[in-house]
1. Do we have any residue at all in the range 105-116 that's within 23 Å of residue 155 (Cα to Cα) and among the hydrophobic types (A, V, I, L, M, F, W, C)?
2. Look through the range 14-36, keep the residues that are among the hydrophobic types (A, V, I, L, M, F, W, C) and at pLDDT 95 or above, and return whichever of them is surrounded by the most Cβ atoms within 10 Å (Cβ to Cβ).
3. Which one of these is at negative phi, at pLDDT 85 or above and either part of a helix (DSSP H, G or I) or β-branched (Val, Ile, Thr) (or both): 244, 187, 257?
4. Do we have residue 272 as at pLDDT below 85, on the phi < 0 side of the Ramachandran plot and aliphatic (A, V, I, L, M) here?
5. Exactly one condition in (1) farther than 23 Å from residue 155 by Cα; (2) aromatic (Phe, Trp, Tyr); (3) surrounded by 15 or more Cβ atoms within 10 Å (Cβ to Cβ) is false for residue 11; which is it?
6. Taking the conditions exactly as written (β-branched (Val, Ile, Thr), more than 30 Å from residue 124 (Cβ to Cβ), at pLDDT 95 or above and outside any strand (DSSP E or B)), does residue 3 satisfy them or not?
7. Looking only at the range 238-256, count every residue that is under 25 Å from the mean Cα position of the chain (by Cα), loosely packed, with under 15 Cβ neighbours inside 10 Å and free of Cβ contacts under 8 Å to residues at least 40 places away in the same chain and tell me the total.
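The values are calculated or read from the model by the stated rules, or taken from the named source; none is laboratory data. Since the model is a prediction, treat every value here as computed from it, not as a measurement. Neighbour counts run over all protein chains shown; Cβ positions are idealised from the backbone, glycine included.
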Amino acid sequence: MAIPNFNDYKYIMFVDASGDDGYKFKATSNDGSSYSFVVSCFVTKPQDLEYNNQILNEMKHSLFIKPEQEIKSTALKRHRNANAAYTVMSKLKGFSYSLIADKRMIHKITPDPNMEFRELSLVAQHDLSGITHVFPYVSLCSSRLVTDKDKILIVIDNMKKREMDSIKSILSTEDLNKYDLIFRDSKDKDFSLIQIADIMAGTIRTYYESCLPLSVHNYYCFNCFSSAKRGRRNSLLAKCTDKKSHKLYTKYISDYKFNTVIKFHQHKDTSIEFAEHLIMLPVEQLIYFTYIKCLIFKTGLI
């Protein structure tokens with residue numbers, strides 16, 4: 001497919017991933033398959049493309065990178081000016097969807113007809129890359145941000161042929177026909193905003209893995225969520241913000257890089273729930289991270 005006319009679309013969706021889709025685990029993720037796999041997208045309107053590309057170039061300038069060079073999330077982990085780049089990044093016009101797949105947990109899942117969403121994780125055991133790369137588009141189409149008349153351009157970073165074929169196959173089975181799908185190199189100047197998706201995916205993956213294993217602060221969130229119907233939620237929310245308990249959360253809600261990225265996972269024109277913009281596999285894992293919505297989205301750094 002030639003370079004499309006961007007103005008033919010309501011939104012342009014740039015998609016990339018962090019990690020690999022294998023399940024051959026070793027003592028560390030550096031020795032074998034990565035422990036998690038994250039797919040992120042950056043969604044923008046055609047009229048904002050030029051502006052967003054300027055922001056990307058400003059990010060590169062803050063990192064002493066030439067405009068034609070590529071920013072990778074792995075480099076931002078170690079760069080002394082990384083926070084400056086994230087500050088510039090916060091000026092982007094657009095929003096995001098991300099999916100975190102905890103591969104070690106998915107690998108252990110067995111069929112259980114009584115467990116909701118179990119089937120999705122079972123599919124991920126065999127086709128992790130395909131099923132996760134489709135998530136951002138399906139979520140956008142399920143939102144109130146697009147109508148049946150709107151068309152979306154999906155731009156995904158080049159990958160292995162089997163992965164590209166899988167994504168095409170899954171999308172073709174959806175009752176959705178309002179997209180064009182292309183695969184491009186993130187170095188391509190016409191599609192350089194794929195680099196933003198790469199940064200988002202890598203930032204979220206780094207954050208998620210740094211939060212494991214689950215600690216006390218995660219279980220507070222679990223208690224709060226599960227107690228809502230029993231009328232104990234207000235007292236638990238108060239517990240999160242008192243001085244003593246605040247120490248449990250400070251480490252997890254003060255990550256500047258993650259906070260910059262996660263705030264793109266909401267949309268000011270809708271009341272979309274947190275789980276629709278950021279989801280985890282297995283889905284049961286999401287309940288332990290509800291502090292993100294309460295303490296980062298709503299109040300920022302408390």
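1. No.
2. My answer is 14.
3. 257
4. For residue 272, the condition - at pLDDT below 85, on the phi < 0 side of the Ramachandran plot and aliphatic (A, V, I, L, M) - is met.
5. Failed condition: (1).
6. Here the answer is no, as residue 3 does not meet what is asked.
7. The qualifying residues number 2.
Okay, residues lined up against (1) exposed (fewer than 15 other Cβ atoms within 10 Å of the Cβ); (2) without any contact (Cβ under 8 Å) to a residue 60 or more places away in the chain; (3) within 17 Å of residue 102 (Cα to Cα):
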{"site": "128", "(1), (2), (3)": "no, no, yes"}
{"site": "142", "(1), (2), (3)": "yes, no, no"}
{"site": "151", "(1), (2), (3)": "yes, no, no"}
{"site": "154", "(1), (2), (3)": "no, no, no"}
{"site": "161", "(1), (2), (3)": "yes, yes, no"}
